[in-house]
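As structure tokens, the structure follows; a few thoughts come after it.
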Amino acid sequence: MPNAWATAAGLLLDRALGEPPAAYHPVAAFGTAMGAIETRLWGNTRRRGAAYTGVGLALGTAAGRSLRSTAMAVGVSVAGRELRSVSARIADHLVRDDLASARTDLPSLVGRDPSGLDASAISAAVIESLAENSVDAVFAPAFWGSIGGAAGALGYRAVNTMDAMVGHRSERYERFGWASARLDDAANLLPARLFALTIMAVEPRRSHDIRQTVRRDAPHHPSPNSGVAEAAVAAALGIELGGTLRYGDRIEHRPRLGTGPRPQPLDIARTIRLTDRAERLLVAALLGVGASVIGRRAGGRQG
């Protein structure tokens, strides 16, 4: 089966079944293993962090080669269904004015402190997470699965998991996590832009605004990829994202992305529909690419 078809099958598998239970999830097992490896390798240097990153990438790609099923590797690497499900649950809390439950569930999507967030700020956090994680948890594993098969999909998931574990800014990980963070940036560079192009394709009437907003606002975001995804979604919805965020004791002033009103709870449902349509288009494109590959091979044999 061409990688494109197998990748589409993996996306459809996630849409049908969702993520495996945490106790059996290979990503959770990888995280446990990398926690043990960090204990052995940690040192406040980039060199030790690069060694940690190399070991994790080798483990991920080796697992993919052992699995030898691109569809299964993509299926356990993507999390679009879970992402949309959690987002919908938080939106339901907000629509019912249950701010306490929304704040309780928000940390499952984002790392920011939810305690002082109102309904609009929580809506913005969910929408930004839908945009960013549609790249991390859908488009990027599909992209690398279609290029590198099972090893590509699980290798990417290893990189993204290491970034989540050690790639954030803190005294402990400023140097040690540098390699994981930079490798994750590189791995998401093309998928983030593919996501923005797909958003343009599913919202053709706003394609000009999306392109202009990404060009104008995304370069000011601290992430070279999250800014692209969030700016594209902001423009597609006609809202403004970004602003001041709190991560524990750390306050971060993010650039404003897009123009329009600040997000409201009903905008979460609009974002879920938008990202779902983008994923559906991705599946259709992969099926088309797979059919084209089969057609070329058949033509070559006849020739």
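The values are calculated or read from the model by the stated rules, or taken from the named source; none is laboratory data. All of these numbers come straight from a predicted model, not from anything done at the bench. Every residue, glycine as well, gets a Cβ built from its backbone with ideal geometry; the counts of neighbours run over all protein chains shown.
Applying the selection to the stretch 92-151, what residues are assigned to a loop (DSSP other than H, G, I, E, B) and under 16 Å from the mean Cα position of the chain (by Cα)?
Leu109, Val110, Gly111
Considering only the stretch 159-181, I want to know if a residue exists there that is in contact with a Pro (Cβ under 7 Å, 6 or more places away or on another chain) and touching a residue at least 12 places away in the same chain (Cβ under 8 Å). Before the answer, list the steps.
Of all residues in the stretch 159-181, those in contact with a Pro (Cβ under 7 Å, 6 or more places away or on another chain) come to none.
Within the stretch 159-181, none of the residues are in contact with a Pro (Cβ under 7 Å, 6 or more places away or on another chain) and touching a residue at least 12 places away in the same chain (Cβ under 8 Å).
Among Thr53, Thr70, Thr39, which is modelled with pLDDT of 95 or more, of a type in the set (Ser, Thr, Tyr) and surrounded by fewer than 23 Cβ atoms within 10 Å (Cβ to Cβ)?
Criteria check complete, one pass: Thr39.
Go through (1) at positive phi; (2) buried (at least 22 other Cβ atoms within 10 Å of the Cβ); (3) not β-branched (Val, Ile, Thr) one by one and return the number of the condition Ala218 breaks.
Tallying (1) at positive phi; (2) buried (at least 22 other Cβ atoms within 10 Å of the Cβ); (3) not β-branched (Val, Ile, Thr), Ala218 fails exactly one: (1).
Please go through the stretch 40-68 and give me each residue that is charged (D, E, K, R), part of a helix (DSSP H, G or I) and in contact (Cβ under 8 Å) with a residue 12 or more places away in the chain, ordered by number.
Arg46, Arg48, Arg65
Test Arg15 against the stated conditions and say whether it is in contact (Cβ under 8 Å) with a residue 24 or more places away in the chain, surrounded by 17 or more Cβ atoms within 10 Å (Cβ to Cβ) and within 30 Å of Ile251 (Cα to Cα).
No; evaluated as a whole, the condition is false for this residue.
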